[in-house]
Amino acid sequence: MLAHYGLEGRTTHIASPDEDGDVESSNGGLKRAVEQHLLLRGSRDFASIAIYETFLFGIMEKRNAGRQQKLAEELAVMKPLLVAPWPHMRELNVRVGNNGILRVGANGYTVPSGLKGKRVSVRVYEWQIEVWYANQHVETLARLTGANRYHINYRHVIDSLLRKPGGFRNYRYHEDLFPQEVFRQAWEALKAYMPPRKADMVYLRILKQAALGLETDVAQALTQLLATKTPWDDNTLADLLQRSTQQTIPDLIPQMVNLSIYDQLLQPEACNDAN
């Protein structure tokens with residue numbers, strides 16, 4: 001970024017924190033202000049990142065309200081910026097691994113199985129990444145922070161697991177194959193009255209149904225089956241889903257069209273022609 005704007009970076013001397021005291025003091029003041037506003041708000045939970053950002057920007061606007069005069073003095077002597085703004089995203093060319101995992105930075109993301117071994121374009125934004133292949137947008141994923149973290153979507157790996165169900169229990173990202181708690185409860189119930197390999201296979205078929213349809217419908221059906229306390233499998237689940245989606249076509253009352261209404265519209269026009 002420094003090279004982009006033609007700047008030269010400098011570091012402070014060892015054990016000399018006072019050399020960047022202005023920056024550190026301002027940073028500390030903002031952190032204390034955010035903490036106070038959170039205490040007044042009574043909660044640290046936010047529905048989305050966008051709402052949290054709005055909260056932060058509101059605090060900064062209040063803090064900067066009294067600094068406009070000094071800011072105007074600085075802007076008056078600043079030279080025009082001769083280079084383009086720093087891009088809001090960067091584009092990478094990355095090869096998808098044979099395991100279907102795309103490595104971006106220090107983290108991994110699963111992508112549709114058809115992209116295994118292929119090179120894709122990845123657009124990295126602040127809070128999300130976009131995967132493109134052959135100029136087609138394939139997937140938008142939430143960007144992971146930190147390092148050595150993985151975003152595993154069961155919809156991307158379910159076909160591979162069904163071909164090798166024996167590896168389900170030892171799958172490295174086993175915990176990511178339970179999208180909701182009821183799915184884990186279902187697997188535990190299956191293990192109680194089925195051999196291990198059969199229980200794994202039935203559960204993977206349930207995941208396949210969730211991938212092909214609506215995960216919420218499968219979750220509701222699993223909740224009903226768990227409440228019965230009787231043995232069931234993926235076929236039982238499929239029958240329950242089919243019954244719940246069947247809809248009766250309502251009887252329609254025939255509508256009689258009264259053409260005399262249309263004739264009434266023509267009468268004023270006929271009178272005008274006669275005049």
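Read-outs throughout are calculated quantities, based only on the coordinates presented, and are distinct from any laboratory measurement. Everything numeric here is computed off the predicted structure, so don't read it as measured data. As a convention, Cβ positions derive from the backbone with ideal geometry for all residues, glycine included, and neighbour counts pool all protein chains shown.
Quick look at the values:
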{"read-out": "Choice from Gly167, Gly105, Gly29 showing the highest fluctuation, given a GNM over the chain with Cα pairs closer than 10 Å", "value": "Gly29"}
{"read-out": "The range 21-77 - charge dipole about Cα centre, Lys and Arg +1 at Cβ, Asp and Glu -1, debye rounded to 20", "value": "220"}
{"read-out": "Within the chain, percent of DSSP bridges classed antiparallel, to nearest 5", "value": "90"}
{"read-out": "Charge dipole (the chain, unit charges on Cβ, about Cα centre) - positive-most of Leu102, Thr223, Leu56", "value": "Leu102"}
{"read-out": "Cα-based Lys proximity count in the chain, under 27 Å, for pairs eight or more positions apart or on separate chains", "value": "16"}
{"read-out": "Calculated over the chain: convex hull of Cα atoms, volume per residue (Å³)", "value": "407"}
{"read-out": "Computed [θ] at 222 nm, helices only, for the chain once each DSSP H run of length n ≥ 4 contributes -39500 (n - 2.57)", "value": "-15500 deg cm²/dmol"}
{"read-out": "Nitroxide proxy distance, nm - points 7 Å out along Cα→Cβ at Tyr193 and Thr54", "value": "5.0"}
{"read-out": "About the Cα centre, charge dipole magnitude for the range 154-245 (Lys/Arg +1, Asp/Glu -1 at Cβ), debye", "value": "340"}
{"read-out": "Value of Rg to Rh for the range 21-77 (Rh from inverse mean 1/r over Cα pairs, i.e. Kirkwood)", "value": "1.07"}
{"read-out": "Shape metrics for the range 90-151, restricted to C-alpha atoms - Rg then Dmax, Å", "value": "10.4, 30"}
{"read-out": "Environment charge at Ala47 (Cβ cut-off 14 Å; Lys +1, Arg +1, Asp -1, Glu -1)", "value": "0"}
{"read-out": "Rg/Rh ratio calculated on Cα atoms of the range 130-196 (Kirkwood radius)", "value": "1.06"}
